[in-house]
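One structure is given here, and the rest of the page talks about it.
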Amino acid sequence: MSGGRSLASCLSRLPGKAAWLSALFAAALFFVSQAAYGQASIAEPPAPAVVNPMSPQMEALQRARLSVDKFFEQSTNVVCTENVSQAVLGKNGKVSYREDSVFDYQLQSTDNSGALKLVESRDTRKAAFRDSSRTLLITNGFTGMLLILHPMFESSYTFESAGQDSVDGVTYTKVNFHAVPGSASPAALQLRGRNYALPFSGTIWIEPQSGAVAKLVASLDSSLEDLGIKEMRSEIHYAIVHFHEPEESYWMPVSAVIDFASARQHWRNVHRFTGYKRFRATIRVENLEAKP
């Protein structure tokens, strides 16, 4: 696909004709070194480490951590249709202006040299009518917010149980996350050439058996009014998508709602992902040796 765009944060010139906002996903490599232990005495073997039992909620969180790499791997194998609605809200919370677009969408991931890199690819299927007098928010990258659970951001958040929630007859485990002050973040704001890490905290809904994330809600811990940001909130929903020949099921994003408010204006973008199609690349080797 053409039109690939790195998931870099792009919010610039808020008072201008178009405001840009997206999640910044940093590629990073963490090395874990094992501690060296002295040779233990045969007569006095070391006592076994005391392992505290893990709660069911934290077990579900551990499964979710293990499922993140699988999610990004599966995302590379599918394409879908993305419908984007960009809206400006009035003081009463009602839509005062809206533009709708349709794209062919794919989230691609690579781990060359051990560093995870995410790239969104969009081909325009239906362009929206543009009113040049309107300031709109363009959002990218929020389907990759699962990086909050990725090992390279493990030290950036604390997690705690938030009980359970039943939705359509399915019981999900809820886990709250809080940004550690001053730590790296998978989401950042780029403004006037500078990057500002966004301290997101929120709640994750996890299917406890598979560890798949069904819902993720994130918002700023505090306002960034010195940067012109009063409020920012994102809500991403994931669901099972079934494929045939072979029979497989992937958890994929189905919607993302992003609210962004400055002191003077409130934007709301809604992304909907439908029509998932799986593809596989095959290589055929032929003997091209000339026949006698």
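The values are calculated or read from the model by the stated rules, or taken from the named source; none is laboratory data. Computed from a predicted model, the values in this text were never measured in an experiment. We place every Cβ from the backbone using ideal geometry, glycine too, and count neighbours over all the protein chains shown.
Of everything in the range 103-126 that is in contact with a strand residue (DSSP E or B) (Cβ under 6 Å, 6 or more places away or on another chain) and of a type in the set (G, A, S), the residue that is nearest to N83 (Cα to Cα) is S121. None of G211, G182, G163 is part of a loop (DSSP other than H, G, I, E, B) and over 23 Å from E73 (Cα atoms) except G182. Any chance the range 91-110 includes a residue that's under 16 Å from the mean Cα position of the chain (by Cα), exposed (fewer than 15 other Cβ atoms within 10 Å of the Cβ) and of a type in the set (D, E, K, R)? No, there is no match, as no residue in the range 91-110 is under 16 Å from the mean Cα position of the chain (by Cα), exposed (fewer than 15 other Cβ atoms within 10 Å of the Cβ) and of a type in the set (D, E, K, R). Of all positions in the range 158-167, none carries a residue that is among the small types (G, A, S) and under 20 Å from the mean Cα position of the chain (by Cα).
So for the range 163-173 (the condition being touching a helix residue (DSSP H, G or I) at 6+ places or on another chain (Cβ under 7 Å), surrounded by 15 or more Cβ atoms within 10 Å (Cβ to Cβ) and closer than 21 Å to F142 by Cα), does at least one residue qualify? Taking every residue of the range 163-173 in turn, none turns out to be touching a helix residue (DSSP H, G or I) at 6+ places or on another chain (Cβ under 7 Å), surrounded by 15 or more Cβ atoms within 10 Å (Cβ to Cβ) and closer than 21 Å to F142 by Cα. One residue alone among F129, F153 is surrounded by 15 or more Cβ atoms within 10 Å (Cβ to Cβ) and among the aromatic types (F, W, Y), and that residue is F153. Sub-7 Å Cβ pairs linking a first residue in the range 198-223 that is more than 24 Å from F260 (Cα to Cα) to a second residue that is of a type in the set (S, T, N, Q), at least 6 apart or interchain, are I206/T173; P208/T173; S210/S67; G211/S67; A212/S67, ordered by first then second residue.
Looking at the range 214-236, can you tell me whether even one residue there is closer than 30 Å to S55 by Cα, touching a Pro at 6+ places or on another chain (Cβ under 7 Å) and modelled with pLDDT of 95 or more? Yes, the range 214-236 contains a residue that is closer than 30 Å to S55 by Cα, touching a Pro at 6+ places or on another chain (Cβ under 7 Å) and modelled with pLDDT of 95 or more. Would it be correct to say that V217 is in contact with a His (Cβ under 8 Å, 6 or more places away or on another chain) and of a type in the set (V, I, T)? For V217, the condition - in contact with a His (Cβ under 8 Å, 6 or more places away or on another chain) and of a type in the set (V, I, T) - is not met.
Here is a check on your reading of the model: is E154 at pLDDT below 90 and either in a strand (DSSP E or B) or within 23 Å of V78 (Cα to Cα) (or both)? No. When the range 233-256 is filtered for residues that are surrounded by fewer than 20 Cβ atoms within 10 Å (Cβ to Cβ) and assigned to a strand (DSSP E or B), the ones remaining, listed by number, are R233, E235, H237, A239, I240, H242, F243, E248, S249, M252, V254, S255.
Here D131 fulfils each of the conditions (1) in contact (Cβ under 8 Å) with a residue 60 or more places away in the chain; (2) over 18 Å from the mean Cα position of the chain (by Cα) apart from (1).
If you check A64 against the conditions, is it touching a Pro at 6+ places or on another chain (Cβ under 6 Å), at pLDDT 90 or above and under 30 Å from Q164 (Cβ atoms)? Against the criterion (touching a Pro at 6+ places or on another chain (Cβ under 6 Å), at pLDDT 90 or above and under 30 Å from Q164 (Cβ atoms)), A64 does not qualify.
Restricted to strands (runs of 3 or more DSSP E) entirely inside the range 76-144, those with at least 3 residues that are touching a Gly at 6+ places or on another chain (Cβ under 9 Å) and of a type outside the set (K, R) are 78-89, 95-110, 117-126.
If you go through the range 83-120 and keep only what is among the hydroxyl-bearing types (S, T, Y) and at pLDDT below 90, you end up with S109, T110, S113.
Note on the range 178-209: residues that are in contact with a Phe, Trp or Tyr (Cβ under 9 Å, 6 or more places away or on another chain), small (G, A, S) and buried (at least 17 other Cβ atoms within 10 Å of the Cβ) total 6.
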